[in-house]
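J.: Please read through the structure below; I'll follow up with questions.
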Amino acid sequence: MQTKENQVHINLLTKQIPLLKKRELKQEGKEEEWTKILEYLLDHQQKTLACELLEKGVLNILKEERRSGIYRKILRYKDERMFRYILKYEGEVSERIFFSPESNMEKLFLKVILNKYRKSVELEEGRNRLWEICFACGADQMMRWILKKKKDYQYLGRIAGNGSDEIFHVLDSTPARSVLLDVRKEVLTEAFLTKSGKERLDYLEKRGWAKGDHRKEKISISKEARGKLGQRTYKKSKRGHQEKAMDEKKLKYLLRCEAEKAKNLEEPKSRRYKRKAACI
């Protein structure tokens, strides 16, 4: 709730700011005053006046140590136009200015911003936090961009095990042959352990993720899957028993599939040996 003093201050600014000339912002010694005014407007939900100051170039006079804090205040408005004022001045922004999203509106806003302006986000520092923000808001295009530029393959397993199909398909941007065997194994395992594990595993196999380092060799994940499932805890309830039964059924399916594939790989060799024996 605004006090009477605050309302008087806002009324004065309402009259003064529209008449403000850009050159007046650049007057020496006025930087701190205009910074406080901008912060005041942002803190008191005076979006229209704040945007007028931003349009007139107030970001040009901010001291470096004040920028990140003010940028975060601007982003809290969840307004793409206001974000573009930051981008216009900075050219490239740091992950430090982004908040960790909590509400659905915050997640949607950050997803749009990170996906749309992904090429304007600085990737050299703070990438761990940037990844966490991407997972929190589902910024799939930003994830693809980071993988393309920085090859952060340590996140591929987490991507494969994400509940969102949109995030899962971020894997499509990474050729399986460019990923180390251990990472591919992790990707297959995490994908298999999701609710749609069978479908995801089939999909990844068709895209070459299950190929071993040697010709015709297939990656086995039964040991890893068994270990992961063994670490799960189930509630002592009907639902808990159902989940445990489903996981056991899923593991049996995996073991059966891997056994059949191994058998299919061995069959051609057996036939060759039979042909050789017949010739002798």
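J.: If the cut-off is 17 Å between C-alpha atoms, which aspartates and glutamates fall inside it for Lys149, apart from same-chain ones fewer than 8 positions away?
T.: Glu92, Glu95, Glu122, Glu124, Glu125, Asp140, Asp172
J.: On to the next question. Binning every alpha carbon pair distance of the stretch 166-243 at 10 Å from zero, what are the percents per bin?
T.: Reading the bins upward from 0: 17, 46, 25, 10, 2.
J.: So what is the relative contact order for the stretch 166-243, in percent, with contacts set as C-alpha pairs under 8 Å and at least six apart?
T.: 24 percent
J.: Select from Lys223, Lys148, Lys198 the residue whose mean-square fluctuation is largest in a Gaussian network model of the chain (Cα-Cα springs shorter than 10 Å).
T.: Ranking Lys223, Lys148, Lys198 by mean-square fluctuation puts Lys223 first.
J.: Neighbouring Cβ atoms within 10 Å as the yardstick, rank Arg96, Arg118 fewest first.
T.: Least crowded to most crowded, the residues run Arg96, Arg118.
J.: Can you tell me which of Leu114, Leu20, Leu255 moves the most in a GNM of the chain? Springs connect C-alpha atoms under 10 Å apart.
T.: Maximum fluctuation in the GNM of the chain, among the listed residues, is at Leu20.
J.: Taking only the alpha carbons of the chain, what extent do you get along each of the three principal axes, in Å, biggest first?
T.: If we take the Cα atoms of the chain, the spans are 103, 48, 23 Å.
J.: Which entries in the list Lys216/Lys261; Lys116/Lys150; Lys78/Lys148 go over 21 Å, if you measure between the two C-alpha atoms of each?
T.: Lys78/Lys148
J.: For the pairs Lys107/Lys151; Lys119/Lys151; Lys198/Lys223, note any where the Cα-Cα span goes beyond 19 Å.
T.: From Lys107/Lys151; Lys119/Lys151; Lys198/Lys223, over 19 Å: Lys107/Lys151.
J.: Right, next: Along the charge dipole of the chain, pointing to its positive end and built from +1/-1 on Cβ of Lys, Arg, Asp and Glu, which listed residue (Gly240, Gln154, Leu255) has its Cα farthest out?
T.: Comparing the listed Cα positions along the dipole, Leu255 ranks first.
J.: How would you rank Val187, Val179, Val112, going from fewest to most other Cβ atoms within 10 Å of each one's own Cβ?
T.: Val112, Val179, Val187
J.: Quick one: if you stick a label point 7 Å off each Cα along the C-beta vector at Tyr89 and Lys107, how many nm between them?
T.: 3.1 nm
J.: Starting from the Cα-Cα distance between Leu181 and Lys249, subtract it from 0.36 nm times their residue separation and give me the gain in nm to one decimal.
T.: Extra length available between Leu181 and Lys249 comes to 21.8 nm.
J.: Sticking with this one: Restricting things to alpha carbons, find the Rg to Rh ratio for the stretch 95-150 using the Kirkwood radius for Rh.
T.: In the stretch 95-150, Rg relative to Rh is 0.92.
J.: Over 23 Å between Cα atoms: which of Lys22/Lys88; Lys36/Lys63; Lys211/Lys263; Lys47/Lys88 fall into that group?
T.: None, as every Cα separation is 23 Å or less.
J.: With angles folded into 0 to 90 degrees, how steeply does helix 64-75 sit against the dominant principal axis of the chain? Use alpha carbons for both and round to 10.
T.: 70 degrees
J.: To continue, here is another question. Projected onto the charge dipole of the stretch 17-91 (+1 at Lys/Arg Cβ, -1 at Asp/Glu Cβ, origin at the Cα centre), which of Leu59, Thr48, Leu38 gives the Cα projection farthest towards the positive end?
T.: The listed residue farthest towards the positive side: Thr48.
Any read-out appearing in this document is the output of simple, stated calculations on the displayed coordinates, not a laboratory observation. From a predicted model like this one, the values you see are computed outputs, not experimental measurements. Using ideal geometry, Cβ is built from the backbone for each residue, glycine included, and neighbour counts are taken over all protein chains shown.
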